[in-house]
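Since the structure comes first, as structure tokens, the remarks are kept for the end.
The values are calculated or read from the model by the stated rules, or taken from the named source; none is laboratory data. These numbers come from a predicted model, not from an experiment. Here the Cβ is made from the backbone with ideal geometry for all residues, glycine too, and neighbour counts use every protein chain on show. Only protein heavy atoms, including side chains, enter the accessible area calculation; ligands, DNA and RNA are left aside. Shrake-Rupley method; radii C 1.70, N 1.55, O 1.52, S 1.80 Å.
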Amino acid sequence: MLERIKATFQYFNEAVPFRLVPAIIATLALFTLLLLPTPEGLTPKAWGLVAIFLTTILAIILKVMPIGVMAMMAIVIISLSQVTATSSGGAIADALSSFSNPLIWLIVASILISRGLKKTGLGSRIGLLFVSMLGKKTIGIGYGLAFCELLLAPFTPSNTARGGGIVHPVMRSIASTFDSDPEKGTQGKVGTYLALVNYHSNPITSAMFVTATAPNPLVVDYVARATNMDLHLSWINWALYMLLPGLACLLLMPLVIYLISPPELKSTPNAVEYARSELHKMGPLSPKEKVMMGTFALLLLLWANVPAMIFGPAFTLNPTVVAFLGLFILIITGTIDWDDVLSEKSAWDTLIWFGALVMMAEQLNKQGVITWFSAGMQSAIASSGIGWEAIALILLLVFVFSHYMFASTTAHISAMMLAFLTVGAQLIPGEYIVPFMLMMAAGSAIMMTLTHYATGTSPIIFGSGYVTLGTWWKVGLIMCVLELILFGVVGSTWWKVLGLW
């Protein structure tokens with residue numbers, strides 16, 4: 001009997017596509033949460049949604065199954081449990097609602113566009129050019145990617161388009177030049193390091209300019225409302241206030257990542273000569289490379305809203321519309337074909353798992369969970385009697401680290417930021433309001449570092465396979481804390497010099 005049970009267990013363990021022990025842990029966590037009393041202020045269905053969301057994140061962390069399967073599990077459970085609706089039809093409509101979200105399709109289109117760089121050879125050419133200029137050291141290439149992000153940031157309102165659609169294909173091409181490929185198991189050569197630098201440049205540059213990411217104008221509005229219009233951040237003021245702390249973060253970030261996630265190839269003394277000889281072999285640009293270059297130039301101009309600047313707001317185009325235009329151009333010119341689109345597994349995998357996480361974050365907001373959390377936080381702080389310094393720190397840290405519950409910076413800022421700024425404006429002395437507001441503004445971008453679903457850029461880079469989930473979360477937490485400290489120390493000193501407090 002014992003042998004039969006053992007054989008059954010062995011078969012089950014080999015046949016079923018999930019890791020049994022982590023699956024048991026995640027299941028126990030779900031039932032434990034569901035058995036807890038519903039917190040005051042939440043409905044039972046809202047608490048059930050919280051339990052499903054937290055269990056999904058736990059299952060992803062424990063690697064119960066591939067992340068896409070975990071996302072599908074969440075969709076199934078939400079649909080069956082009907083925690084968002086009163087019928088299975090309404091529940092499945094809610095569970096699938098985010099797949100019409102333009103941000104998600106911007107991510108998919110950006111991944112598909114990047115395929116053209118590889119197919120045409122333009123990506124290899126760009127990679128070789130970077131290597132020929134900075135390739136003696138891997139860290140030098142990292143700084144090159146960070147500098148590229150900084151140059152593009154003031155003109156690219158979509159951080160997803162910038163980090164995922166423009167810089168990431170270049171990063172992948174550079175990694176390929178060194179034969180660093182997740183499919184070959186060689187991502188550790190340089191690819192993991194460069195992918196992390198590629199990603200962590202994105203939140204820093206997003207914090208440096210109002211026009212570097214879509215939610216920043218909303219932050220400007222909330223800061224003005226919380227301070228009764230006493231502090232209204234213009235484009236030039238934001239750039240000036242964030243300049244020094246942003247540059248400090250950008251200068252330290254490639255070095256810190258180099259120390260905590262070092263590349264296997266640190267020195268590449270022959271890389272410059274190799275790159276130059278390969279560029280010579282490639283010869284002049286091919287017609288398809290020229291089409292690819294022209295498409296990228298068009299995308300950059302449209303993502304930077306140049307037509308709107310020249311001809312007026314009527315010519316403003318949504319970033320997702322621009323991405324689909326670029327993808328369509330590549331297809332109709334034969335630069336890539338429909339089979340390329342269909343075979344790009346990472347794009348469709350990202351569509352499923354990121355769509356599910358966005359859906360749950362949106363439903364948490366609709367079910368009142370985020371409002372409940374913010375109100376509880378506000379009440380607890382107001383009645384605690386602690387000093388204003390602790391209040392400021394708690395508000396900042398809770399706001400930033402609550403981003404673990406969000407798959408969109410815009411959704412997070414819309415749901416929570418005004419409440420936190422208002423509490424701060426009421427409880428912090430007037431002479432310290434400005435540095436608090438600026439730290440919150442910086443934190444609204446820095447929080448993107450935390451997870452692989454934190455913003456639109458993260459699933460593109462994470463989906464390319466260069467960085468494991470554990471490494472992503474570890475480096476994300478370290479960089480988040482470090483950047484908050486740098487903005488707190490360097491930023492507050494800089495703001496003091498500027499006479500802001």
*Out of all the residues in region 222-231, which are open to solvent by less than 70 Å² (accessible area, probe 1.4 Å) and in a helix (DSSP H, G or I)?*
TYR222, VAL223, ALA224, ALA226
*ILE394: at pLDDT 85 or above, assigned to a helix (DSSP H, G or I) and under 20 Å from VAL223 (Cβ atoms), yes or no?*
yes
_Selection within region 378-398 - more than 18 Å from ALA442 (Cα to Cα) and hydrophobic (A, V, I, L, M, F, W, C)_ = ALA380, ILE381, ALA382, ILE386, TRP388, ALA390
*Can you confirm whether region 222-239 contains a residue that is of a type outside the set (A, V, I, L, M, F, W, C), within 21 Å of ALA153 (Cα to Cα) and modelled with pLDDT of 85 or more?*
yes
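For SER234, are the conditions met, namely being on the phi < 0 side of the Ramachandran plot, surrounded by 21 or more Cβ atoms within 10 Å (Cβ to Cβ) and out of contact with any strand residue (DSSP E or B) (no Cβ under 9 Å at 6 or more places or on another chain)?
no
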*Quick check, is LEU251 assigned to a helix (DSSP H, G or I), modelled with pLDDT of 90 or more and more than 24 Å from the chain's Cα centre (by Cα)?*
no
*Please enumerate the residues belonging to region 426-435 that are more than 29 Å from the chain's Cα centre (by Cα), outside any loop (DSSP other than H, G, I, E, B) and of a type in the set (A, V, I, L, M, F, W, C).*
LEU427
*For region 179-202, name all the residues that are in contact with a Phe, Trp or Tyr (Cβ under 7 Å, 6 or more places away or on another chain) and crowded, with 24+ Cβ neighbours inside 10 Å.*
VAL190, GLY191, THR192, TYR193, ALA195
*asked:* Six or more apart or on different chains, Cβ atoms under 9 Å: show the pairs whose first residue is in region 367-388 and under 13 Å from ALA415 (Cβ atoms) and whose second is open to solvent by 50 Å² or more (accessible area, probe 1.4 Å) and β-branched (Val, Ile, Thr).
replied: GLN367/THR43; GLY368/THR43; MET377/ILE394
*With respect to the numbered conditions (1) under 13 Å from the mean Cα position of the chain (by Cα); (2) hydrophobic (A, V, I, L, M, F, W, C); (3) open to solvent by less than 10 Å² (accessible area, probe 1.4 Å), which one is the sole condition not fulfilled by TRP473?*
(3)
*Filtering region 310-322 down to residues that are in contact with a helix residue (DSSP H, G or I) (Cβ under 9 Å, 6 or more places away or on another chain) and in a helix (DSSP H, G or I), which residue is most open to solvent (accessible area, probe 1.4 Å)?*
PHE315
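Looking only at region 323-335, decide whether some residue is assigned to a helix (DSSP H, G or I), on the phi < 0 side of the Ramachandran plot and among the polar types (S, T, N, Q). Lay out the reasoning, then the answer.
Just the residues of region 323-335 that are assigned to a helix (DSSP H, G or I), to begin with: 323-332.
Retained after the next criterion (residues that are on the phi < 0 side of the Ramachandran plot): 323-332.
Keeping just the survivors that are among the polar types (S, T, N, Q) gives none.
No, region 323-335 contains no residue that is assigned to a helix (DSSP H, G or I), on the phi < 0 side of the Ramachandran plot and among the polar types (S, T, N, Q).
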